Amino acid sequence: MFGMQGSLLDDIDEIGLRPLEPTRTPLADGAWVDVCPGWLTGVGDVFAHLSQAVEWRAERRWMYEREVDTPRLLRFYAEGEALPHPVLEHARDALSRHYTRELGEPFTTAGMCLYRDGNDSVAWHGDTLGRSSTHDTMVAIVSLGAPRPLLLRPASERAKREHQRSGHGGSLRFHVGHGDLVVMGGSCQRTWQHAVPKLTGSVGPRISVQFRPHDVR
């Protein structure tokens, strides 16, 4: 369905997971971000499988009083639904084990986005459907394919004040590449927003897998 070019095809590792040893960046108002580069290995084969095996769906949404196409393809795997590749099951279980003390519960669902090129994107938002609108939680994202920036900006008034006092002021930029893991935790979903912006020029496809606990969207 979609192919990758250049160095993204030079992935000679077997499919699997490297040790989960993330680096944490504290954010304002009780939020934080963990990053573990290259956590998923054998990513080229996994990307090829997912691009073909997943039943990608186009959706439409209301914006500015008209219905428009969502600028990416989607698939959501509910609790108990088999994931489309065994390594994703292993990744979900490994994340649950690693974060169980902080999170207090396992990751149970997986949302997937396919960004076909630089025109596909996701606007500023927080995952605030369900308990995440009022409680701390985590969203763990595994990226496959072309690197794309993940932007974060403070949303709550307290986060804005603390972020400005820290000397940053603007949005934060995380460069998420092939096989990288990013975990947004603490109050991040309700006090910060994140986005994947459009890019100009030649941009290859990317698949994002988002693991979440129960009743977090």
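Every number in this text was worked out from the coordinates using simple rules, so none of it is lab data. No experiment lies behind these values; they were computed from the predicted model shown. Note that we place each Cβ from the backbone using ideal geometry, even for glycine, and neighbour counts take in every protein chain shown.
Tabulated results
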{"item": "The chain, relative contact order [Cα under 8 Å, separation at least 6], %", "result": "30 percent"}
{"item": "Net charge over other residues, Cβ less than 13 angstrom from the Cβ of G170 (K, R count +1; D, E count -1)", "result": "+3"}
{"item": "Cut-off 16 Å, label 7 Å out along Cα→Cβ of T70, residues of the stretch 181-205 by amide N", "result": "195-196"}
{"item": "Förster radius 30 Å - calculated FRET efficiency between E81 and T23, Cβ distance, rounded to 0.05", "result": "0.45"}
{"item": "With 10 Å bins from 0: P(r) over the stretch 109-159, alpha-carbon pairs, percent", "result": "16, 49, 29, 6"}
{"item": "Kirkwood Rh and Cα Rg combined as Rg/Rh, the stretch 142-217", "result": "1.01"}
{"item": "Among L17, C113, G186 the positive-end extreme of the charge dipole of the chain (Cβ point charges)", "result": "G186"}
{"item": "20 °C / 1.002 mPa s Stokes-Einstein diffusion coefficient of the chain, Kirkwood radius on C-alpha pairs, µm²/s", "result": "121 µm²/s"}
